[in-house]
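Asker: My questions all concern the structure below.
The values are calculated or read from the model by the stated rules, or taken from the named source; none is laboratory data. The structure presented is a predicted model; accordingly, all values stated were derived computationally and were not measured. Glycine gets a Cβ as well: all are built from the backbone with ideal geometry, and neighbour counts include every protein chain shown.
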Amino acid sequence: MWAEDEARLGLKPIARRVWSLKGCRPASNGQSKFESLFVFGFAHPASGRSHTLIQPKANTTTMEAALADFAARADPAGQKLLVVIVDNAGWHVARKLAVPPNVVLHHLPPCTPELQPAEPLWPLLREALANKTFPTLEDLKEPLARRCDWLARHPDTVKGAVGFHWVVKLE
């Protein structure tokens, strides 16, 4: 059982608190650019394994690409049945969404983002980008990809954040 969710990350900085000397106001990074990328993230709550794919937008076409890429990496031989928990975003429920044959999408009830096991993955991803500015989306992609790779290599960190007791017990 896997969980999938998307996060929108863009050129507008992610602000976090910082330490400074008493009486000194810390400098803040700021820009009002609204260009963004989407990260499609798959997490396996029982083991902490994760897989991410950076896409320019979130729609049915990019969801199909993310599912195909995920299926090819999670089960290259195509021997297992991969159950993926998803929310009810438009591109998850589209009739024309082509799902790989070894993937089954399980939709959460409407209006229940608190039940999405992959949702806690995003603070782990955003932390590496906090208090930094990027002039272009290309400049953002490199540290974002580095952080995605780091999370893939550290399943214990992911396992501690994602999933709920009911998901882990289903394994």
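Asker: Quick one: which of E127, E114, E142, E119 is closer than 16 Å to G41 by Cα and exposed (fewer than 13 other Cβ atoms within 10 Å of the Cβ)?
Answerer: E127
Asker: For F134, which of the numbered conditions (1) of a type in the set (F, W, Y); (2) modelled with pLDDT under 90; (3) exposed (fewer than 15 other Cβ atoms within 10 Å of the Cβ) fails to hold?
Answerer: Every listed condition holds for F134 apart from (3).
Asker: Suppose we filter segment 145-156 for residues that are within 20 Å of M1 (Cβ to Cβ) and either among the aromatic types (F, W, Y) or surrounded by fewer than 18 Cβ atoms within 10 Å (Cβ to Cβ) (or both); how many remain?
Answerer: Result for segment 145-156: 3.
Asker: Looking at (1) polar (S, T, N, Q); (2) farther than 16 Å from G41 by Cα; (3) surrounded by 16 or more Cβ atoms within 10 Å (Cβ to Cβ), which is the one condition that is false for T62?
Answerer: Unmet for T62, out of (1) polar (S, T, N, Q); (2) farther than 16 Å from G41 by Cα; (3) surrounded by 16 or more Cβ atoms within 10 Å (Cβ to Cβ): (2).
Asker: Kindly list, by first and then second residue, each pair from a residue in segment 107-126 that is touching a residue at least 60 places away in the same chain (Cβ under 8 Å) and on the phi < 0 side of the Ramachandran plot to a residue that is part of a helix (DSSP H, G or I) and exposed (fewer than 13 other Cβ atoms within 10 Å of the Cβ), limited to pairs with Cβ atoms under 8 Å and residues at least 6 apart or on different chains.
Answerer: Listed by first residue and then by second, the contacts come to E119/P113.
Asker: Here is a follow-up. Within segment 45-87, restricting attention to residues that are among the hydroxyl-bearing types (S, T, Y) and not in a loop (DSSP other than H, G, I, E, B), which residue is nearest to the chain's Cα centre (by Cα)? Before the answer, list the steps.
Answerer: Step one: filter segment 45-87 for residues among the hydroxyl-bearing types (S, T, Y), giving 47, 50, 52, 60-62.
Add one more test, that the residue is not in a loop (DSSP other than H, G, I, E, B), and what stays is 50, 52, 60-62.
On the way: S50: 9, T52: 6, T60: 16, T61: 17, T62: 14 Å.
Of everything passing the filter in segment 45-87, T52 is nearest to the chain's Cα centre (by Cα).
Asker: When you look at A27, is it over 16 Å from the mean Cα position of the chain (by Cα) and either within 19 Å of E142 (Cα to Cα) or without any contact (Cβ under 8 Å) to a residue 12 or more places away in the chain (or both), yes or no?
Answerer: For A27, the condition - over 16 Å from the mean Cα position of the chain (by Cα) and either within 19 Å of E142 (Cα to Cα) or without any contact (Cβ under 8 Å) to a residue 12 or more places away in the chain (or both) - is met.
Asker: Can you tell me which residue within segment 88-116, out of those that are assigned to a loop (DSSP other than H, G, I, E, B) and small (G, A, S), is modelled with the highest pLDDT?
Answerer: Filtering segment 88-116 for residues that are assigned to a loop (DSSP other than H, G, I, E, B) and small (G, A, S), the one modelled with the highest pLDDT comes out as A98.
Asker: Right, next: What residue, of A94, A98, A89, A65, is under 23 Å from C148 (Cα atoms), touching a residue at least 24 places away in the same chain (Cβ under 8 Å) and of a type in the set (G, A, S)?
Answerer: A89
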